[in-house]
Amino acid sequence: MTQLVVVDVGLGNLRSVEKALELAGRERGVTPLRTADPDRVRRADAIVVPGQSNFDGFVNALGPELFEVLLERLRAGTPYLGICLGLQILFESSEEAPGVKGLGWFKGPVKKLLGAPGIKIPHMGWNSLELRAGGHSLLDAAGGNGQHVYFVHSYHAVPTELGVTRATVAYGPNAVTASVARDNVFATQFHPEKSQAAGIRLLASFLGSLGAG
């Protein structure tokens with residue numbers, strides 16, 4: 001049976017992610033395990049990393065051992081699904097936490113969104129996806145180009161590598177990085193667990209890609 005681990009370092013409403021994965025995995029016999037135990041993460045067949053807080057708080061909550069285990073599993077090709085801070089932590093650094101290093105799996109920083117008249121930060125609410133670099137099968141499963149998904153954030157990744165960004169959304173002066181992917185790694189700035197049926201379809205497609213069930 002596929003062992004799906006949700007990395008839980010106590011930041012954000014992880015129960016909503018767990019419930020969405022349970023719903024998406026019901027027909028496939030997949031039950032997510034919430035844990036911060038590095039050994040359990042090391043043995044996982046697939047890893048989901050959600051998070052709602054700030055960049056330095058998330059890095060500190062991971063701690064050195066779990067931080068290194070995540071890098072180890074990324075290098076080993078373990079399927080990784082990042083949500084919100086689980087996307088941002090994949091990058092090298094963040095304006096939110098000068099001097100704090102991310103995993104550096106993707107090159108580039110995380111930057112604060114730009115405000116404007118009538119444009120509030122944090123960015124909260126529904127926006128429609130604009131696919132980039134051919135999109136991604138998980139985004140197609142969610143509904144593809146034009147699909148509305150739900151955001152809650154003040155920062156977003158700014159990749160410096162071509163082909164990493166798979167979807168953006170327009171928010172005032174910002175072309176918000178909504179999703180990034182390469183090889184075994186897929187991540188969203190938006191929240192699948194809050195994106196209703198579109199989010200469940202995305203999560204079900206992720207589980208299906210594991211050969212679960």
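Just so it is clear, none of the values below were taken in a lab; they were calculated from the coordinates. Keep in mind that what you see is a predicted model, and the values were worked out from it rather than measured. Here the Cβ is made from the backbone with ideal geometry for all residues, glycine too, and neighbour counts use every protein chain on show.
For the reader, a short list of remarks on this structure follows.
- Residues 166, 15 arranged by fewest to most Cβ contacts within 10 Å: 15, 166
- Sorted peptide list for 172-183, 141-152, criterion being average Cβ within 10 angstrom, highest first: 172-183, 141-152
- For the chain, alpha-carbon Rg over 2.2 N^0.38 Å: 0.94
- Shape call, the range 133-213: gyration tensor on alpha carbons, a/c limit 1.5: oblate
- When only Cα pairs below 8 angstrom with a gap of at least 6 residues are kept, the range 4-209 shows a relative contact order of 21 percent.
- Separation of alpha-carbon centers, the range 73-89 and the range 160-213, rounded to whole Å: 12
- The range 4-209: antiparallel DSSP beta bridges as a percent of all, rounded to 5: 60
- Each residue in 162, 4 was given a count of other beta-carbon atoms within 10 angstrom of its own, and listing them fewest first yields 162, 4.
- For residue 6, distant residues with modelled amide H under 5 Å away: 33, 34, 35, 48
- Mean-position separation - Cα centroids, the range 1-52 and the range 97-114, in angstrom: 24
- Taking 188, 160 and counting other C-beta atoms within 10 Å, the order from fewest to most: 160, 188
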